[in-house]
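Engineer: Have a look at the structure that comes next, please.
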Amino acid sequence: MLKIAIYGKGGIGKSTTTANLSSAFSALGLKTMQIGCDPKADSTRLLMHGKEFPTILDLMRQGIEDMKLEDLVHKGTGNTLCVEAGGPTPGIGCAGRGIITAFEQLERFHAYDIYKPNVILYDVLGDVVCGGFAMPMRQQYADYVYIVTSGEKMALYAANNIAIAVGNFKSRGYSKLGGIILNKRNVVDEEERVAALAEKIGTPIVATIPRSDDITLAEDQEMTAVEAYPNCEVSKIYLELAKKLLRDCSDGR
């Protein structure tokens, strides 16, 4: 089972990237579970074609006594499974603690043993890498961390902080840093800026995702580009990235 945590600054296209990767792995015949670890709970929207469902924290707040595994894990498009951790009531509680609680519930119901996904993708907000937001970095959850960034200053700042966190947790047996996914915003010298960061933190750029109208058109239909337009340029890039992650993570890079 391949376990990957995708981190990045909020609004950088991390969830879109993760959802398209889930679709790509599914297209390769792999059962993929995507776990949204953002209080906004919109990570799996494209995989669910816009259909909303209660987050794990929503269910717990409702105090449902006969909660079942199928209340937590929902069938998405293709061969995907969707989970949203959710967050606390606004102004009350800790979002990071919410992630911890959600993971505890998945383990309580033996979700991974029952569904047996080939790939697990954790979609994690990377503006703050502490507490519960660092949970997916633990090796029992993810084997590798990949960072989504553009060439924008604040995105690069967040990406650098995520890399520092991965390095600091390394001695505790946490995940390895697998590389950077450049999600282009077409800012000045974007590729050069991201390349400089990659060299600084000692990790490769594993894919460059261009700005694409196909992504926007697909999202208007509540779909990933890989599902809506499987033969377009950007979908082929996502598919090649999925294949590369399978190779690299299997090789232990």
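Engineer: How many residues does region 193-212 contain that are without any contact (Cβ under 8 Å) to a residue 40 or more places away in the chain and farther than 18 Å from Ser23 by Cα?
Structural biologist: The total comes to 8.
Engineer: List pairs: first in region 13-29 and under 15 Å from Pro230 (Cα atoms) and modelled with pLDDT of 95 or more, second in a helix (DSSP H, G or I) and of a type in the set (S, T, N, Q), Cβ under 9 Å, 6+ apart or cross-chain?
Structural biologist: From residues that are under 15 Å from Pro230 (Cα atoms) and modelled with pLDDT of 95 or more, the pairs are Asn20/Ser235; Ser23/Ser235; Ala24/Ser235; Ala27/Ser235.
Engineer: Restricting to region 152-177, name every residue that is of a type in the set (Val, Ile, Thr) and surrounded by 21 or more Cβ atoms within 10 Å (Cβ to Cβ).
Structural biologist: Correct list: Ile162, Val166.
Engineer: Right, something else. Could you pull out the residue among Tyr122, Tyr112, Tyr141 that is surrounded by 15 or more Cβ atoms within 10 Å (Cβ to Cβ), assigned to a helix (DSSP H, G or I), hydroxyl-bearing (Ser, Thr, Tyr) and in contact (Cβ under 8 Å) with a residue 24 or more places away in the chain?
Structural biologist: None of the others qualify; the one that does is Tyr112.
Engineer: Could you check region 178-253 for helices (runs of 4 or more DSSP H) lying wholly inside it with 1 or more residues that are basic (Lys, Arg) and either open to solvent by 80 Å² or more (accessible area, probe 1.4 Å) or under 15 Å from Ala155 (Cα atoms) (or both)?
Structural biologist: 190-201, 233-251
The values are calculated or read from the model by the stated rules, or taken from the named source; none is laboratory data. Small disclaimer: the values here were computed from a predicted structure and weren't measured. No Cβ is skipped: glycine too gets one built from the backbone with ideal geometry, and neighbour counts run over all protein chains shown. Side chains included, ligands, DNA and RNA excluded: accessible areas come from the protein's heavy atoms. Shrake-Rupley method; radii C 1.70, N 1.55, O 1.52, S 1.80 Å.
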